[in-house]
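Structure record follows, encoded as structure tokens.
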There are 2 protein chains.
Amino acid sequence: MSEIRQDPTTREWVIIAPERAKRPQHEPDNTPTDIPEWEASCPFCPGNENQTPDEILRLPASATASDWQVRVIPNRFGALHSSGDTGRKTAGDLFRKMDGVGVNEVIIETPSHNTPMALMTYKQVENVLIAYKERYNSLKKIRQLKFITIFQNHGWSSGTSLIHPHSQLVATPVASPYYRRKYEVAINYYDDVGKCLYCDLIDEELNLGERIVAETGGFIVIHPFASRVPYETWIIPKEHRASFGLCPSAYLTELSVVLKNTLLCLYKELGNPDFNYMFDTSTTDDEEDPHYHWHIRIVPRLTTVAGFEMGSGIYISTEIPEETAKIMKKCVGSIKT
Amino acid sequence: MSEIRQDPTTREWVIIAPERAKRPQHEPDNTPTDIPEWEASCPFCPGNENQTPDEILRLPASATASDWQVRVIPNRFGALHSSGDTGRKTAGDLFRKMDGVGVNEVIIETPSHNTPMALMTYKQVENVLIAYKERYNSLKKIRQLKFITIFQNHGWSSGTSLIHPHSQLVATPVASPYYRRKYEVAINYYDDVGKCLYCDLIDEELNLGERIVAETGGFIVIHPFASRVPYETWIIPKEHRASFGLCPSAYLTELSVVLKNTLLCLYKELGNPDFNYMFDTSTTDDEEDPHYHWHIRIVPRLTTVAGFEMGSGIYISTEIPEETAKIMKKCVGSIKT
């Protein structure tokens, strides 16, 4: 018997239907398995730095020529522009619009063309996290920008257009409607219960134990109760902070271990799956907010969103998160750091 | 310069960035072009009726053996079950769940294995619409079921698992959260302005004219102001009704022409694109509602939803709807019915 479960952070329902995994499947895998360490035509590979727009950030800062670990550059094909007017204009009685103001940056995560984050050193992952935080905190000072989305697309079916490991940061002059919905749920909970929903969620998950993938001093990793897709994974910091931008640097070292181990176990258990990860954080105006609580959401692209999900907003997952969490927990426990 | 536009029906923002179309693209096309009219191994082809679960509806009703035009059958791999308890249970303090109660039916749209709706006769499309309405109105009588999603997945990247033209109907014991959000926007508009948002939207679109693909006595076809993807197309009935189930049968003949011509022009202009269409309709409890207004949403799968959209809920489209509507309008105008 399948179950319908409610996500306490969105109040959306998810159908958990393990028997559905038996249906006929067409799953093209277009991601190449034999990728070279360096690719002459890749604009992100060392030696090709002049093929990208001017660098915004380089780590280590002292690096010269091709001697870098992480580079941040403007997205040449970004959809937004650094100048313009965010005043709302009307186009007829019903329609509202503004100039496409915003920032779209690419974080080149490593000089190595074929080393995804799952296989990087912890130090390298930490470099990437440092670059995220530095750019986040720099861009939040621009008053026109209200929301900063940090994300990684891994593998063709995740929507990436280049294989060289990279993430992106997009800063928009409007708040994320996805965040607004989660914020509304969180603020209602706060008003009802007097506590942060996510802080209570951490306590509840640790108490139940059955969906815990990993726990460290500062973070928990879970497969959420109403996982929308198999192996959906959340990384939640234990300390309450609405914004990733306020995460102390000391925690980035720990987070690099947690993030890399989680991605490594997804890599091992699912055979290098395509995935997206997103940093779910507050608007730049709400960083000190007591209701919201930043976290990372990793969504493997094992299934295709189809008409039912698009029409209803209800997802169907073929795996039971308590079972997949157990598999992941065993894997994470076996990693020698 | 790109623009950020707000969808008046969801209040969500969409970035319209035509220059982004230039970025490198990886677009695997897995849909075969050489499909036979009949396929021995296809459970939906005539002669294989015994390979499907027992038929729920057959059109024409008088048809014998393989002499049918449309068949409705239970989805053998459905995620929901016809019996169970929709009382909410708790699983810990924060988590809510219920049995996976619901109905999942498949509408086999034609005996022909290789005739998508774009290429069907108008009469055949009308048969499909009649089957939709008959099943919708039959299932809405089951009090446990609150929302009925009718949708079609066309082509592999739309999430379909069988090529034979078919649609699906899923009835769930919970309202669609997607509908709830649109309903909230519509009811706020109604309270503010005293009129149905969609009725006003029809007037405004007809008045402006620039996004109209087609207009008939009973329907308008538009590319919406804040199209989330290129060539997103809405078909909206002019008469106010919250529910597709209440659409008079006389209109189904007209709708079959409108729907088929729209799909035919997408087929011609985009080269048989993968797409989903969804019937956006009210809950079964709200059919007489003055605020909501049913419509059909067609979403071509030309792009991949990636981390930015998943993290922010903001979409980026590379086409200007006023321009694509013009192309579609020319095509629809050239069809001899």
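The values are calculated or read from the model by the stated rules, or taken from the named source; none is laboratory data. Please read these numbers as outputs of a predicted model, since none were measured by experiment. Cβ atoms come from the backbone with ideal geometry, glycine included; neighbour counts cover every protein chain shown.
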*Quickly run through the stretch A:146-159 and pick out the residues that are over 14 Å from the mean Cα position of the chain (by Cα) and surrounded by 22 or more Cβ atoms within 10 Å (Cβ to Cβ).*
A:Phe147, A:Ser157
*asked:* Just to be sure I understand, how many residues within the stretch B:31-62 are in contact with a strand residue (DSSP E or B) (Cβ under 7 Å, 6 or more places away or on another chain) and surrounded by fewer than 16 Cβ atoms within 10 Å (Cβ to Cβ)?
replied: 2
*Looking only at the stretch A:299-337, which residues are in contact (Cβ under 8 Å) with a residue 40 or more places away in the chain, touching a helix residue (DSSP H, G or I) at 6+ places or on another chain (Cβ under 7 Å) and not in a loop (DSSP other than H, G, I, E, B)?*
A:Val299, A:Pro300, A:Tyr315, A:Ile316, A:Ile327, A:Met328, A:Cys331, A:Val332
*Number of the exception - B:Ile220 against (1) among the β-branched types (Val, Ile, Thr); (2) surrounded by fewer than 21 Cβ atoms within 10 Å (Cβ to Cβ); (3) free of Cβ contacts under 8 Å to residues at least 24 places away in the same chain*: (2)
*State whether one or more residues within the stretch A:143-152 are out of contact with any Phe, Trp or Tyr (no Cβ under 7 Å at 6 or more places or on another chain), farther than 30 Å from A:Ile56 by Cβ and not β-branched (Val, Ile, Thr).*
no
*Has the stretch A:244-258 got any residue that is within 14 Å of the chain's Cα centre (by Cα) and hydroxyl-bearing (Ser, Thr, Tyr)?*
yes
*Pick from A:Thr233, A:Thr253: which is surrounded by fewer than 22 Cβ atoms within 10 Å (Cβ to Cβ) and not charged (D, E, K, R)?*
A:Thr253
*Residue check for A:Asp280: under 30 Å from B:Arg297 (Cβ atoms) and of a type in the set (Asp, Glu)*: yes
*Output yes when any residue across the stretch B:169-184 is assigned to a loop (DSSP other than H, G, I, E, B), more than 19 Å from the chain's Cα centre (by Cα), within 12 Å of chain A (Cβ to nearest Cβ) and surrounded by fewer than 19 Cβ atoms within 10 Å (Cβ to Cβ), and no when none is.*
no
*Test result for B:Ile73, crowded, with 16+ Cβ neighbours inside 10 Å, without any contact (Cβ under 8 Å) to a residue 40 or more places away in the chain, touching a strand residue (DSSP E or B) at 6+ places or on another chain (Cβ under 6 Å) and not charged (D, E, K, R)*: yes
*All but one of (1) hydrophobic (A, V, I, L, M, F, W, C); (2) farther than 21 Å from A:Leu80 by Cα; (3) within 12 Å of chain B (Cβ to nearest Cβ) hold for A:Val101; which doesn't?*
(2)
*Within the stretch B:246-261, is there a residue that is in contact with a Phe, Trp or Tyr (Cβ under 9 Å, 6 or more places away or on another chain) and closer than 30 Å to B:Thr86 by Cβ?*
yes
*asked:* Can you find a residue that is aromatic (Phe, Trp, Tyr) and without any contact (Cβ under 8 Å) to a residue 60 or more places away in the chain anywhere in the stretch B:246-253?
replied: yes
_Restricting to the stretch B:86-115, and then to whatever is in contact with an Asp or Glu (Cβ under 8 Å, 6 or more places away or on another chain) and assigned to a strand (DSSP E or B), can you tell me which residue is nearest to A:Ser2 (Cα to Cα)?_
B:Asp99
*A:Lys260 surrounded by fewer than 22 Cβ atoms within 10 Å (Cβ to Cβ) and either part of a helix (DSSP H, G or I) or modelled with pLDDT under 95 (or both)*: no
_Given the condition of a type outside the set (Phe, Trp, Tyr), at pLDDT 95 or above and assigned to a loop (DSSP other than H, G, I, E, B), answer yes or no: does some residue in the stretch B:57-73 qualify?_
yes
*asked:* Name the residue that is nearest to the other protein chains (Cβ to nearest Cβ), counting only residues in the stretch A:61-77 that are within 24 Å of A:Ala171 (Cβ to Cβ) and of a type in the set (D, E, K, R).
replied: A:Arg76
_Residues located in the stretch B:78-98, provided they are at the interface with chain A (Cβ under 7 Å from one of its Cβ atoms), of a type outside the set (Gly, Ala, Ser) and without any contact (Cβ under 8 Å) to a residue 12 or more places away in the chain_ = B:Asp93, B:Leu94, B:Phe95, B:Arg96, B:Lys97
*How about the stretch A:78-94: which of its residues are surrounded by fewer than 17 Cβ atoms within 10 Å (Cβ to Cβ) and of a type outside the set (Val, Ile, Thr)?*
A:His81, A:Ser82, A:Ser83, A:Asp85, A:Gly87, A:Arg88, A:Lys89, A:Ala91, A:Gly92, A:Asp93
*Selection from the stretch B:193-219 of residues that are more than 14 Å from chain A (Cβ to nearest Cβ) and in a strand (DSSP E or B)*: B:Val213, B:Ala214, B:Glu215, B:Phe219
*Output the residues belonging to the stretch B:283-315 that are of a type in the set (Phe, Trp, Tyr) and at the interface with another protein chain (Cβ under 9 Å from one of its Cβ atoms).*
B:Phe308
